[in-house]
Amino acid sequence: MSATPTADPATRGDRPRSTIGALAVLTAALALLAGPIGAVAGLATALTWYGLGTPYALAAGHVVLAAAFPEGIGLETFLLVELAFVAVLLAAVVRTPTVLRDAVVVLASAIAFVGTGWIVADSRSVWIAAGTLPLLVALAAYALHRYELVSLGLVPDAADTPPDANVDADADSPTHEQ
């Protein structure tokens, strides 16, 4: 086992108190807001976290949340439950080597996604808001991918590329088909 802590409890071997506390808060919030089915949803999220880790727990929790509120969910209820999910994610971030940076990214992402979903759902239908969020996730993933390529030096600089490197040499030849 390495000396560097990981954010995934399934690979760590121990179960940190911060995440267990956040899962308890999530279970209590779901139980208060949705009754017994909310408590079951919180326990399902906690069991998924224990077996598979934080990302899977968040995904399972949101799937069970959709089943717990089949007729829809009020804005206040939604914000409270999502705040509990963000607490679970932040509890996992506490164990990373770059706690402050990761926590800022988690909070900024949560604010951006929830804020965008709220604004779009307020002005358009819920279906459009539901389609907008995966688009935002895809754009964020692409931006992170490009950042990674640039930071690793895998994108050539304009100074490294000869000026005629992207020009088709056969374009002006008489045998070139057009």
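The values are calculated or read from the model by the stated rules, or taken from the named source; none is laboratory data. Not measured: the values here are computed from a predicted model. Neighbour counts run over all protein chains shown; Cβ positions are idealised from the backbone, glycine included.
So L47 passes all but one of these: (1) at pLDDT 75 or above; (2) aliphatic (A, V, I, L, M); (3) surrounded by 14 or more Cβ atoms within 10 Å (Cβ to Cβ). Which condition number does it fail?
Result: L47 fails condition (3) only.
Here are the criteria: (1) of a type in the set (A, V, I, L, M, F, W, C); (2) touching a residue at least 12 places away in the same chain (Cβ under 8 Å); (3) closer than 20 Å to A24 by Cα. Tell me which single one A112 does not satisfy.
Result: A112 passes all but (3).
Identify, please: which residue in region 129-145 is more than 13 Å from the chain's Cα centre (by Cα) and surrounded by fewer than 11 Cβ atoms within 10 Å (Cβ to Cβ) and is, among those, farthest from A112 (Cα to Cα)? It would help to see each step written out before you state the result.
Here is the first cut: in region 129-145, the residues more than 13 Å from the chain's Cα centre (by Cα) are 129-132, 142-143, 145.
Next, from what is left, pick out any that are surrounded by fewer than 11 Cβ atoms within 10 Å (Cβ to Cβ): 142-143, 145.
Values: Y142: 16, A143: 15, H145: 19 Å.
It comes out as H145.
In region 122-151, what residues are more than 27 Å from L75 (Cβ to Cβ) and acidic (D, E)?
Correct list: E148 only.
Would you please list the contacts, defined by Cβ atoms under 7 Å and residues six or more apart or on different chains, that run from a residue in region 85-96 that is farther than 13 Å from T45 by Cα and in contact (Cβ under 8 Å) with a residue 40 or more places away in the chain to a residue that is in a helix (DSSP H, G or I) and among the acidic types (D, E)?
Sorted first by the residue in region 85-96, then by its partner, the pairs are V93/D102; T96/D102.
So which residues in region 43-70 are among the small types (G, A, S) and within 20 Å of V106 (Cβ to Cβ), if there are any at all?
Those that are among the small types (G, A, S) and within 20 Å of V106 (Cβ to Cβ): A46, G53, A57, A59, A60, G61.
Go over the candidates V126, V155 one by one and state the one that is among the aliphatic types (A, V, I, L, M), loosely packed, with under 13 Cβ neighbours inside 10 Å and either at pLDDT 90 or above or under 30 Å from A46 (Cα atoms) (or both).
On inspection, the qualifying residue turns out to be V126.
Looking at (1) in contact with a Phe, Trp or Tyr (Cβ under 9 Å, 6 or more places away or on another chain); (2) surrounded by fewer than 20 Cβ atoms within 10 Å (Cβ to Cβ); (3) under 25 Å from G115 (Cβ atoms), which is the one condition that is false for Y56?
Of everything listed in (1) in contact with a Phe, Trp or Tyr (Cβ under 9 Å, 6 or more places away or on another chain); (2) surrounded by fewer than 20 Cβ atoms within 10 Å (Cβ to Cβ); (3) under 25 Å from G115 (Cβ atoms), Y56 misses just condition (3).
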